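Chemist: Encoded as structure tokens, here's the structure I'll be asking about.
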Amino acid sequence: MDVRQIYNIIKRWAWLLILGLVIGASLGYFFSNRETPIYQAETRFIILSAAPTSEFQVYYSYMDSEKLIATYTELLSADSTLEQASSELGFPVSAGLANAEQMAETNFIRLTVKHSDPLKAAAIANSLVKILIDQNENLQSVRYITSEQNLQNRIEQAEQQIESLQAQIKEATTASVQNSIDEVLLQIEDLQDEINEIE
């Protein structure tokens with residue numbers, strides 16, 4: 001087959017190739033116009049944990065930070081959080097809309113929300129972060145209240161132990177004074193007996 005024959009074949013079927021390109025472009029344009037565009041809103045925030053006070057606590061602080069990040073990542077896509085966002089925003093927020101992930105090996109979490117309405121995507125992202133902050137504040141306040149109650153209970157127990165020890169000291173003092181008085185009385189009786197004998 002020489003070049004002239006190949007050229008004639010291409011020339012003969014060129015209309016079919018052009019027709020296929022036109023039909024493909026038309027169908028692509030038609031379907032892309034009918035498809036709803038998806039917008040994406042993204043926000044990032046950092047999770048801070050308490051700073052370690054000793055070298056021993058550095059490892060455990062790192063582990064606590066990792067657990068905290070994993071917990072918050074799960075909370076952002078939890079059904080209860082999505083339901084709360086739905087009730088606050090006034091439109092449904094489904095599980096597939098929001099995705100949270102840790103950024104590399106940092107304390108940053110990236111929250112990505114996809115929606116057909118760009119304003120709703122941004123509103124969902126902001127609402128989920130606000131709900132997470134509120135839940136965190138509630139958890140922290142409960143934790144502080146619990147630790148404060150534990151400290152108050154320990155103070156009350158220590159005060160009760162102090163009262164008990166003071167009562168024991170009084171009893172011991174009273175008992176030792178009574179023992180001393182008894183001994184002195186015995187000595188007085190012995191001396192009185194001696195006096196009586198001498199007389």
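The values are calculated or read from the model by the stated rules, or taken from the named source; none is laboratory data. Since the structure is predicted, the reported quantities are computational estimates derived from the model, not experimental observations. Cβ placement follows ideal geometry from the backbone for every residue including glycine, while neighbour counts extend to all protein chains displayed. Note: areas computed on protein heavy atoms with side chains; ligands, DNA, RNA excluded. Shrake-Rupley method; radii C 1.70, N 1.55, O 1.52, S 1.80 Å.
Chemist: Considering every residue within the stretch 104-111, establish whether at least one is open to solvent by 30 Å² or more (accessible area, probe 1.4 Å), under 16 Å from TYR39 (Cα atoms), touching a residue at least 40 places away in the same chain (Cβ under 8 Å) and of a type in the set (A, V, I, L, M, F, W, C).
Modeler: Looking for residues that are open to solvent by 30 Å² or more (accessible area, probe 1.4 Å), under 16 Å from TYR39 (Cα atoms), touching a residue at least 40 places away in the same chain (Cβ under 8 Å) and of a type in the set (A, V, I, L, M, F, W, C), one finds none in the stretch 104-111, hence no.
Chemist: Now for a different question. Could you check, for the stretch 16-36, whether at least one of its residues is exposed (fewer than 14 other Cβ atoms within 10 Å of the Cβ), at pLDDT below 75 and outside any helix (DSSP H, G or I)?
Modeler: Yes, the conditions are met somewhere in the stretch 16-36.
Chemist: Another one. Suppose we keep only residues that are out of contact with any Ser or Thr (no Cβ under 7 Å at 6 or more places or on another chain) and open to solvent by less than 50 Å² (accessible area, probe 1.4 Å) within the stretch 83-103. Which one would you say is nearest to ALA125 (Cα to Cα)?
Modeler: LEU97
Chemist: Return the residue satisfying two criteria in turn: it lies in the stretch 72-82 and is assigned to a helix (DSSP H, G or I) and either aliphatic (A, V, I, L, M) or surrounded by 13 or more Cβ atoms within 10 Å (Cβ to Cβ) (or both), and of such residues it is farthest from the chain's Cα centre (by Cα).
Modeler: Let us first name the residues in the stretch 72-82 that are assigned to a helix (DSSP H, G or I), namely 72-76, 79-82.
When the remaining residues are screened for being either aliphatic (A, V, I, L, M) or surrounded by 13 or more Cβ atoms within 10 Å (Cβ to Cβ) (or both), the result is 72-73, 75-76, 81-82.
On the way: TYR72: 5, THR73: 9, LEU75: 8, LEU76: 10, THR81: 13, LEU82: 16 Å.
Taking the candidates together, the pick is LEU82.
Chemist: Return the pair list, or none, for Cβ contacts closer than 8 Å from residues in the stretch 76-88 that are in contact (Cβ under 8 Å) with a residue 12 or more places away in the chain to residues that are open to solvent by 30 Å² or more (accessible area, probe 1.4 Å) and among the small types (Gly, Ala, Ser), at least 6 apart or on different chains.
Modeler: Every condition considered, the pairs that remain are SER77/ALA95; ASP79/ALA95; LEU82/SER94; LEU82/ALA95.
Chemist: Shifting gears a bit: Can you tell me which residue among ALA125, ALA100 is part of a helix (DSSP H, G or I), of a type outside the set (Ser, Thr, Tyr) and either in contact (Cβ under 8 Å) with a residue 24 or more places away in the chain or closer than 11 Å to LEU76 by Cβ (or both)?
Modeler: After applying the criteria, what remains is ALA125.
Chemist: Residue by residue through the stretch 120-177, note down the ones that are over 28 Å from the mean Cα position of the chain (by Cα) and aliphatic (A, V, I, L, M).
Modeler: The answer is ILE155, ALA158, ILE162, LEU165, ALA167, ILE169, ALA172, ALA175, VAL177.
Chemist: Also: Closer than 18 Å to GLN40 by Cα, of a type in the set (D, E, K, R) and either open to solvent by 80 Å² or more (accessible area, probe 1.4 Å) or free of Cβ contacts under 8 Å to residues at least 40 places away in the same chain (or both), is that true of LYS130?
Modeler: no
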